[in-house]
Amino acid sequence: MYELYLVKKDRQLVITEIVGNISWKSSIDALAVQLDFEVAFNDARFFPANPIELGDMVVLVNNGKVVFQGFVVDENRNGRGGRDYTCFDAAFYLNESKTTVQFVKTPAAAAIERIVKEFEIPIGGIDVKGVPVTKIYNNRTPADIIRDIISHALLLTGQTYRMEVREGRFYVLNQQDLIIYPTFKLADNVRSYPIGESISNPKRKRSIQGMRNSVQVTSEDKIVYTIKESATVKKYGLLQESINVDKQDVESGRHKQIANVLLGKLNRIDDMLSFEVLGSDELRSGRLLYVEEETTGTNDLYLITAASHTIKSGIHKTKLDLEPKP
């Protein structure tokens, strides 16, 4: 059972009974998770007062487990009718703020921790290892800086990382550790079923527009290395990416590794999948999900790029956008 709590400095209130529809969504392109809800309102004398104020903490709980924890950011008043509220988790502060910072051979995990602690967000875990950062970031959002650091880590290690906030704590996690096996129940007194058994409205689009089958590396205005994947060049034509690296990367030979990693990520057909399922709190962007769906001919491990949850009349549904595992 879902309960929505309003947390103020001096008290905690259960506001479930005055709240209508609830929805929340996450996306790999937006660090913060967003939660929206409606509150009935009437200025009649005996109608319950609305206790919600901008900046209040809101916590959505399902059977004792925290689903969302964040803060009220927007309020929309619709005349004498209801009021709509938008909340974001603590990553909101990393998206909306700006900072200037310099790193000199700083381990990536320490660099990320330094940024996050500046905004007083507790650290849950940072899995990035063995990647030094030497760079000046001037007037950038903390979220953009962290994205740049983990993109740098990808090119040096081949490992993909995801950043997120859960229960008020910040995490950077290795993508390969985020496989989920969500289930759903039609009623509390029946067994659970795999989420794939509730798929509806499946859609799939495949494209080579984002494919790159060649990577050209430049340094100090010179081409220093080029790598191609001959089979896809022959089949689809030459689609080339160019990347500039530091002199030190060339001298150490890392430029070839960077090119190989980038080619491995880009030399593929874009495969975009979407469908709706009965809701599961485990479904959020950045998770890996096995999908077997006959209509679209899908049978593979996919990355959830966006998850949109709705609870209406007590029914929880989730719309997912997915792409192949990176």
Please count how many residues of the stretch 310-326 are in a strand (DSSP E or B) and either farther than 14 Å from Gln175 by Cα or basic (Lys, Arg) (or both).
11
If I filter the stretch 65-72 for residues that are surrounded by fewer than 20 Cβ atoms within 10 Å (Cβ to Cβ), free of Cβ contacts under 8 Å to residues at least 40 places away in the same chain and either outside any helix (DSSP H, G or I) or assigned by TED's automatic domain parsing to the domain that holds Ser27 (or both), do I get at least one hit?
yes
Among Asp321, Asp246, Asp271, which is the only one that is more than 23 Å from Arg206 (Cβ to Cβ) and among the acidic types (Asp, Glu)?
Asp246
Mind listing whichever residues of the stretch 115-143 are free of Cβ contacts under 8 Å to residues at least 24 places away in the same chain and either surrounded by 14 or more Cβ atoms within 10 Å (Cβ to Cβ) or among the hydrophobic types (A, V, I, L, M, F, W, C) (or both)?
none
Suppose the filter is of a type in the set (Val, Ile, Thr), farther than 24 Å from Leu288 by Cα and in contact (Cβ under 8 Å) with a residue 12 or more places away in the chain; does Thr160 pass it?
no
State yes or no: is Ser274 within 30 Å of Val165 (Cα to Cα), in a strand (DSSP E or B) and polar (S, T, N, Q)?
yes
Flag if Gly82 is in contact with a helix residue (DSSP H, G or I) (Cβ under 8 Å, 6 or more places away or on another chain) and either closer than 30 Å to Ser151 by Cβ or surrounded by 13 or more Cβ atoms within 10 Å (Cβ to Cβ) (or both)
no
Hey, which of the strands (runs of 3 or more DSSP E) in the stretch 79-194, taking only ones fully inside, have at least 3 residues that are among the basic types (Lys, Arg)?
none
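The values are calculated or read from the model by the stated rules, or taken from the named source; none is laboratory data. Remember, it's a predicted structure, so these values are computed and weren't measured experimentally. Every residue, glycine among them, receives a Cβ derived from its backbone with ideal geometry; neighbour counts consider all protein chains shown.
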